[in-house]
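Just so it is clear, none of the values below were taken in a lab; they were calculated from the coordinates. Just so we're clear, the structure is a prediction, and the values are computed from it rather than from any experiment. Virtual Cβ from ideal backbone geometry, glycine too; neighbours counted across all protein chains shown.
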Amino acid sequence: MHTDAKSLKEWGDRLFSAKRPLDTRNQSIADHFYVERADFTVTRDIGDEYADHLMSGYPAMVRRDLGNSLGSMLRPKGQPWFHIGADREEKETHEAKAWLE
């Protein structure tokens, strides 16, 4: 196993270099289907036009609908699947409950 910092860095660099083609492919797919999370090879800043290259929003809408369908199939029907509240009962004041609403 690698013991010194230099060999660990070189090993990590080799692994990231080997992963680069996969990141490029994932970036290309995400640019069409999941634009909000397409940050495999690029860094986006606030205000960047991240979906201006799309000719149609159909692939993104289909991905959203598929994600919503999977989410609805995995959640229990007829019962709440999450609860918002304080972790301790003494913190659940009227002001805290009003803020959570």
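Annotations for the structure displayed:
- The residue list Glu101, Glu36, Glu89 contains one member that is of a type in the set (D, E, K, R), closer than 30 Å to Ser17 by Cβ and either surrounded by 10 or more Cβ atoms within 10 Å (Cβ to Cβ) or out of contact with any Lys or Arg (no Cβ under 8 Å at 6 or more places or on another chain) (or both), which is Glu36.
Let's see how each residue does on (1) closer than 30 Å to Leu100 by Cα; (2) not in a loop (DSSP other than H, G, I, E, B):
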position: Arg25; (1), (2): no, yes
position: Thr41; (1), (2): no, no
position: Ser72; (1), (2): yes, yes
position: Gln79; (1), (2): yes, no
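- Where Leu66 falls short, out of the listed (1) exposed (fewer than 11 other Cβ atoms within 10 Å of the Cβ); (2) under 19 Å from the mean Cα position of the chain (by Cα): (1)
- Residue that is surrounded by the fewest Cβ atoms within 10 Å (Cβ to Cβ), among those in the range 1-33 that are more than 30 Å from Val62 (Cβ to Cβ) and among the hydrophobic types (A, V, I, L, M, F, W, C): Met1
- Looking across the range 45-70 at every residue that is of a type in the set (A, V, I, L, M) and not in a loop (DSSP other than H, G, I, E, B), the one that is farthest from Tyr34 (Cα to Cα) is identified as Leu70.
- Contact map, the range 1-21: first residue among the basic types (Lys, Arg), second residue surrounded by 10 or more Cβ atoms within 10 Å (Cβ to Cβ), Cβ cut-off under 7 Å, separation 6 or more or different chains; the map is empty.
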